[in-house]
There are 4 protein chains.
Amino acid sequence: MEKIGVLTSGGDAPGMNAAIRAVVRAALARGLHVVGIRRGYAGLLAKDMPRLGLKSVTNIVQRSGTVLETRRCQEMYTPEGRARAIENLREEGVEGLVAIGGDGTFRGATLLAAEGGIKVVGIPGTIDNDIYGTDATIGFDTAVNTALEAIDKIRDTAESLERLFFVEVMGRTRGFIALHVGVAGGAEQILIPESEEDVDELCRSLERSFGRGKRSAIVVVAEGDEAGGAIGIARRVASCLKTESRVCILGHVQRGGSPTARDRILASKLGVAAVAALAEGRDGCMVGEVEGRIVHTPLHETWEKTKELDPSLLDLMKVLAT
Amino acid sequence: MEKIGVLTSGGDAPGMNAAIRAVVRAALARGLHVVGIRRGYAGLLAKDMPRLGLKSVTNIVQRSGTVLETRRCQEMYTPEGRARAIENLREEGVEGLVAIGGDGTFRGATLLAAEGGIKVVGIPGTIDNDIYGTDATIGFDTAVNTALEAIDKIRDTAESLERLFFVEVMGRTRGFIALHVGVAGGAEQILIPESEEDVDELCRSLERSFGRGKRSAIVVVAEGDEAGGAIGIARRVASCLKTESRVCILGHVQRGGSPTARDRILASKLGVAAVAALAEGRDGCMVGEVEGRIVHTPLHETWEKTKELDPSLLDLMKVLAT
Amino acid sequence: MEKIGVLTSGGDAPGMNAAIRAVVRAALARGLHVVGIRRGYAGLLAKDMPRLGLKSVTNIVQRSGTVLETRRCQEMYTPEGRARAIENLREEGVEGLVAIGGDGTFRGATLLAAEGGIKVVGIPGTIDNDIYGTDATIGFDTAVNTALEAIDKIRDTAESLERLFFVEVMGRTRGFIALHVGVAGGAEQILIPESEEDVDELCRSLERSFGRGKRSAIVVVAEGDEAGGAIGIARRVASCLKTESRVCILGHVQRGGSPTARDRILASKLGVAAVAALAEGRDGCMVGEVEGRIVHTPLHETWEKTKELDPSLLDLMKVLAT
Amino acid sequence: MEKIGVLTSGGDAPGMNAAIRAVVRAALARGLHVVGIRRGYAGLLAKDMPRLGLKSVTNIVQRSGTVLETRRCQEMYTPEGRARAIENLREEGVEGLVAIGGDGTFRGATLLAAEGGIKVVGIPGTIDNDIYGTDATIGFDTAVNTALEAIDKIRDTAESLERLFFVEVMGRTRGFIALHVGVAGGAEQILIPESEEDVDELCRSLERSFGRGKRSAIVVVAEGDEAGGAIGIARRVASCLKTESRVCILGHVQRGGSPTARDRILASKLGVAAVAALAEGRDGCMVGEVEGRIVHTPLHETWEKTKELDPSLLDLMKVLAT
């Protein structure tokens, strides 16, 4: 293998740039050439893939977003689109591809690998942490800390006039962010898609808290919770408890910000590991970190298998949110 | 005058503690005794007013919220309530009162002063900056910087997949926070209660921006904008432009956080000035800072007169948001 | 066991309050009484140990420092001192002790346990991460992120006039902070007590960097590096390379700040685990987290055995700092 | 006038990019062309001055440093150097120059204006705030808040083991940063170049503080204080008081970080004002903001006249640091 490509795709996540930097430096250290495919799969189709050298990745380790950008690209889901992508890669002499992103990114890469004989290695980059095969995805730690700062600021004021706060965090289908933020932020309740608490139960629990003398309560809601978004839940709880409530929806704020140390170190490790995997002839796998060690997982398993929430955190919530 | 009281009331604001500290230290330096009235006017009625010494205000200059706490208190709006408050102050020997808060705080203090012969000086503490008689209120600078951080984080990700972001900031009746955050954050549009832009006009303006090649746009919306909250506006714009949009509602996050240098310095100046005003025999006024100088404004003017938005910022928006 | 005590001792670390909160809530949930021993071992001798209830630990999860405070206490290193401490604990009916801190804290606790028949469980709380038996100590993640922010700010300006920056971080005998910060911050060089790089070697390496076109370089120095503190090293390098250099000494800034999500979650887990350990009859051990699981290590091993630096990070430095 | 140039020179300051953005957008709005002169005066000599359009300044308002970079350039201090610079500007058709920086930047610009018939307007950009003709320079508010965060973190830990902390902030000849940080951070003492406190006096004052029961004290030292840097002073005080002390040297950390709202708004106003000044035919002046209004000051006055420290802050220190 003499030349590899690297792309970011899907929603961006803090730490993607640290991963790009690690891929480029590790590849150059092995004597490989690297091209950066801009705007995800769109750049593959447009053949927008400049050569990357040491200087291309100077001073980006701390930056949020992705210097390679990312776009939606429907064409990659057509056989014609993929045929063109494969041809472009061949013309450019690219034999291996590092794809940084989530679920959708990996599905696209798998199709490319199957149809085009391109070797593909994935790096999990998404704030949602919903990818099997790694304890944490790149961007998760930053997103949790960003949401935590918001909760701390609400807590500053929570002893004052208002009593009841709802904070909606990201997580359409999974409650990783909500669970970690809720435990770290000392939230009174967490609503996540994985559990079936209903609003009545929530109301009774909050009443017990206020009855024991709590001045205020913070409820963290994952955007995908089946009871509905924070605004709807807040309205129902407020009407049930006959108290005002306040809502904060963090939204894409959680996607930004300079990555934490942990996200940068994870991104650096996985970037180096992805290049090593390609150099060793691996293919169709994702590099992840499990219990401190680099692990290779077949790409299709990353979305077919379900990553479990940390059960010890669910237990902690019960003890600590008293 | 031998003894004064200090209270915080209404919504809390970052920097209130720095003001309390300055009041206490300035009073002690003049040989006055100080009591801290806890939970705003509620503490007056409950006679919850401990003596404050030098140590009471150690290590609070940097803390958000208010160590004296604040509550709602309907009783103060009855003659009986106020009669009791006045009696409590007399029994305690409190001859002067420093009231830190906003509009409602000053109205309550004015009634007390009129009915009870207590000398009252107000300090403007509210994130909304909607008080006549001071260029900035305590907490405003912190709230603006907090909202700005959120916009910066959205901007980090704004070059990626999504195009259109709405950020709702505080300001039920006035657009101070929205205007300052919008200019500082480089927002494409700002919707404030003071101006009558309609959603159609907003859509055409955004279309022009996208037409000129902008990848994304951030619209700052004051919660009190007449076009409705950010969620409603976002829905209408998204349907008109046939594009997805994302909403962030910052809510009470803007009320928390350690105060900025500017808020702490302003709070310190006004705290010292309030004590000086009482010592000089002033009464029924608010201390503020206008063009760098301490100014005394009759309390009733602070809510009767309207503070104007900085017209130079409105001009800046037009030039810079191109 | 009916009553336990909890204390913090030694240098404070962000997350200690989250640990105290977890100990108290977990103990109350098991029907145990809890006293908080104030000012470390000094409070044991002064019998300053108030009862802690649910409200005692409300709203402290996000606060830095330790609400129980910590002091130096030479008397605990005398047999008489310890005899008095043990008597005080007995009189108070305290049968188990949770000691939060580092090396010195655990040595003191071990002597107490040996001489007094008090059951002791340790929780590792120190920013230095130099304790065997846990992958991370409470406070380490926060300290690394604090130092990282400083490096990011220097990097902002590093492309401007100046070329050569030295940043001294904490770590008298171990380079954990320096290594993690260096990798995450993209430092050009890291000097740690564990490795024997000399200043000449450092100069040659920096010359190569500048020769390849780098505009600037950041060198992270652990305060305990054998080549001396950052100021001395900077002077020697600047004179050797005939270039100006700038020094930043972060000092105790690294001990403060609101704890990160990771530190709070770790502290919460270990607080609950420590109470469980006492309830299960364990004694003379420290609770730690290794590869995601709670582990119990005999207290004396925590200082007798040496915790290794992560070798994969040392490798990363070589690849990435090119 | 049809074409103007903009450059940044000297030490960079947070907010310079916001000023560049405002200059470019204001110029384009007036139908002027703009070139960005890269690396300060060095780019003038190398004729490195690309055309800037709307997109050149997209997404930079929040970034620290300067996208135009800055370098040292001795050649500009020779008549030959300046002759070449003037010729380059003429060849390029640049008739007006906006120079963003401090003292040295303005001196260079004044020589250019005098010798070359180029119209020059300055914008004050330096964290030191030591320029006459504006209440604040661009970057000052950010630097003060950055140093304040460091002091807050030290304060978090200051109630623990250690007692005496020295924090060295920037300010070789002037104490603006030290004074504002000291007041805002609640420092016990401030040492600034403008005042002649000696170390003996400092020791006595600290002894009085500790005597009154203070657990710890923070002393802010401007790097240029005549008593020497923080390390030397700390050593002398520690030996005099027979107590340990800790030192933090913030250094270039204060030059980085995303600019505060205030710095961005000031930069935006001054950028627009500078273009207006050139368009109105003004020359050889600096635009500043004094008491909320735009003011034009002859460039030579900006370094010949001395800007005074705010005397009300010096008074505040005396009252509040008791």
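The values are calculated or read from the model by the stated rules, or taken from the named source; none is laboratory data. Values in this document were obtained by computation on a predicted structure and should not be read as measured data. FYI the Cβ positions are ideal-geometry reconstructions off the backbone, even for glycines, and counts take in every protein chain you see.
Of all residues in region D:158-181, those satisfying the criterion of being within 13 Å of chain B (Cβ to nearest Cβ) and under 15 Å from D:A227 (Cβ atoms) are D:V169, D:A178. Being on the phi > 0 side of the Ramachandran plot, out of contact with any Gly (no Cβ under 9 Å at 6 or more places or on another chain) and touching a residue at least 12 places away in the same chain (Cβ under 8 Å) is not true of A:G228. Of everything in region B:11-30 that is at negative phi and among the small types (G, A, S), the residue that is nearest to the chain's Cα centre (by Cα) is B:A13.
When the criteria are applied in full, D:T70 meets the requirement of being crowded, with 16+ Cβ neighbours inside 10 Å, out of contact with any helix residue (DSSP H, G or I) (no Cβ under 8 Å at 6 or more places or on another chain) and among the polar types (S, T, N, Q).
Considered as a group, the residues in region C:203-254 that are closer than 30 Å to D:E244 by Cβ and of a type in the set (S, T, N, Q) include one that is surrounded by the fewest Cβ atoms within 10 Å (Cβ to Cβ), and that residue is C:S245.
Which is small (G, A, S) and outside the structural domain of B:L164 (by TED's automatic domain parsing), of B:G251, B:G228, B:G224, B:G271?
B:G271
Comparison of C:G104, C:G40, C:G65 shows that the only residue that is of a type outside the set (K, R) and either more than 14 Å from chain D (Cβ to nearest Cβ) or more than 30 Å from C:G182 (Cβ to Cβ) (or both) is C:G40. Looking only at residues in region D:124-173 that are touching a strand residue (DSSP E or B) at 6+ places or on another chain (Cβ under 6 Å) and of a type in the set (D, E), the one that is surrounded by the fewest Cβ atoms within 10 Å (Cβ to Cβ) is D:D135. Of all the numbered requirements in (1) without any contact (Cβ under 8 Å) to a residue 24 or more places away in the chain; (2) of a type outside the set (D, E, K, R); (3) within 30 Å of B:R30 (Cα to Cα), B:A267 misses one, and that requirement is (1). Within region A:136-157, the set of residues being more than 7 Å from every other protein chain (Cβ to nearest Cβ) and among the aliphatic types (A, V, I, L, M) comprises A:A136, A:I138, A:A143, A:A147, A:I151. Please go through region C:255-297 and give me each residue that is in contact with a Gly (Cβ under 6 Å, 6 or more places away or on another chain), surrounded by fewer than 19 Cβ atoms within 10 Å (Cβ to Cβ) and not hydrophobic (A, V, I, L, M, F, W, C), ordered by number. If the condition is that a residue be in contact with a Gly (Cβ under 6 Å, 6 or more places away or on another chain), surrounded by fewer than 19 Cβ atoms within 10 Å (Cβ to Cβ) and not hydrophobic (A, V, I, L, M, F, W, C), then C:E291 is the only one that fits. Regarding region B:200-213, can at least one residue be identified that is within 14 Å of chain D (Cβ to nearest Cβ) and either within 31 Å of the chain's Cα centre (by Cα) or of a type in the set (S, T, Y) (or both)? Within region B:200-213, one or more residues are within 14 Å of chain D (Cβ to nearest Cβ) and either within 31 Å of the chain's Cα centre (by Cα) or of a type in the set (S, T, Y) (or both).
The sole residue among B:E223, B:E244, B:E308, B:E289 that is of a type outside the set (S, T, Y) and over 28 Å from D:K269 (Cβ atoms) is B:E244. Against the test of being at pLDDT below 95 and in contact with an Asp or Glu (Cβ under 7 Å, 6 or more places away or on another chain), the options B:E159, B:E115 yield a single qualifying residue, B:E159. Being small (G, A, S), surrounded by fewer than 24 Cβ atoms within 10 Å (Cβ to Cβ), in contact with a strand residue (DSSP E or B) (Cβ under 9 Å, 6 or more places away or on another chain) and at pLDDT 95 or above: is that true of B:G93 here? Against the criterion (small (G, A, S), surrounded by fewer than 24 Cβ atoms within 10 Å (Cβ to Cβ), in contact with a strand residue (DSSP E or B) (Cβ under 9 Å, 6 or more places away or on another chain) and at pLDDT 95 or above), B:G93 qualifies.
Within region D:68-79, restricting attention to residues that are charged (D, E, K, R) and at the interface with chain C (Cβ under 8 Å from one of its Cβ atoms), which residue is farthest from D:I4 (Cα to Cα)? Here the answer is D:R72.
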